[in-house]
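Here's the structure, in structure tokens; my notes come after.
The values are calculated or read from the model by the stated rules, or taken from the named source; none is laboratory data. Keep in mind the model is a prediction, meaning the values are calculated, not measured. Ideal geometry is used to build each Cβ from the backbone, glycine not excepted, and the neighbour counts take in all protein chains shown.
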Amino acid sequence: MTSQDQTQQTFYELFGGAPTFEKLVHRFYQGVAGDPELRALYPEEDLGPAEVRLRMFLEQYWGGPTSYSEQRGHPRLRMRHLPYAVTPDQRDRWLRHMRDALDEVALPAEQDQLFWDYLTRAAHAMVNSFDGVAPLDAQSQPGLGLTVRPES
């Protein structure tokens with residue numbers, strides 16, 4: 001069999017598929033639940049829906065099922081996070097809980113580094129506030145499904 005006959009394995013498969021992503025994201029949200037500062041970024045009372053969204057996003061990003069885009073459209077990560085003031089402190093908290101989750105999953109070193117590099121870049125890209133005020137004025141962004149804040 002030549003190398004052309006072999007199917008290339010996706011990172012999703014290389015990382016262990018659904019069980020790995022489920023464990024990673026579940027462990028991450030356990031950390032979020034116990035972190036009041038970070039938990040404040042999640043307006044839903046139940047973190048379950050956020051857990052499902054992050055798991056689907058990560059699975060799709062790494063070559064797994066495309067459920068995220070099928071259900072939610074293009075990820076548009078920065079736009080989806082604009083209604084929330086994501087500060088450097090919250091980024092660092094997010095990364096700390098994700099690091100704990102990634103450590104628990106215990107990927108081989110090279111895979112772990114690849115995953116961690118992506119998470120670090122993504123987390124830095126989400127920072128949109130240095131003063132705790134969300135940069136998005138919902139009134140200026142029609143169609144985002146946001147609640148318009150009354151002017152004071």
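In region 93-120, the residues that are more than 14 Å from Leu58 (Cα to Cα) form Cβ pairs under 7 Å with partners that are among the acidic types (Asp, Glu) and at pLDDT 95 or above, at six or more places apart or across chains, as follows: Arg93/Asp35; His97/Asp35.
Checking each residue in region 7-34 for being crowded, with 16+ Cβ neighbours inside 10 Å and farther than 14 Å from Leu102 by Cβ picks out Tyr12, Leu14, Val32.
Residues are listed down the side, and each one gets a yes or a no for (1) within 30 Å of Thr7 (Cβ to Cβ); (2) surrounded by 16 or more Cβ atoms within 10 Å (Cβ to Cβ); (3) more than 13 Å from the chain's Cα centre (by Cα):
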| residue | (1), (2), (3) |
| --- | --- |
| Ala40 | no, no, yes |
| Pro43 | no, no, yes |
| Gly63 | yes, no, yes |
| Pro83 | no, yes, yes |
| His124 | no, no, no |
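Taking residues in region 60-87 that are within 21 Å of Thr20 (Cβ to Cβ), and partners anywhere that are part of a loop (DSSP other than H, G, I, E, B) and β-branched (Val, Ile, Thr), the pairs with Cβ atoms closer than 7 Å and at least 6 places apart or on different chains are Gln60/Thr66; Trp62/Thr10; Gly63/Thr10; Gly64/Thr10.
Here Glu104 does not qualify as farther than 19 Å from Phe28 by Cα, more than 15 Å from the chain's Cα centre (by Cα) and surrounded by fewer than 19 Cβ atoms within 10 Å (Cβ to Cβ). Restricting Tyr118, Tyr68 to those that are surrounded by fewer than 16 Cβ atoms within 10 Å (Cβ to Cβ) and among the aromatic types (Phe, Trp, Tyr) reduces the list to Tyr118.
Checked against (1) among the hydrophobic types (A, V, I, L, M, F, W, C); (2) under 21 Å from Gln111 (Cα atoms); (3) under 13 Å from the mean Cα position of the chain (by Cα), Val52 passes all but a single condition, namely (2).
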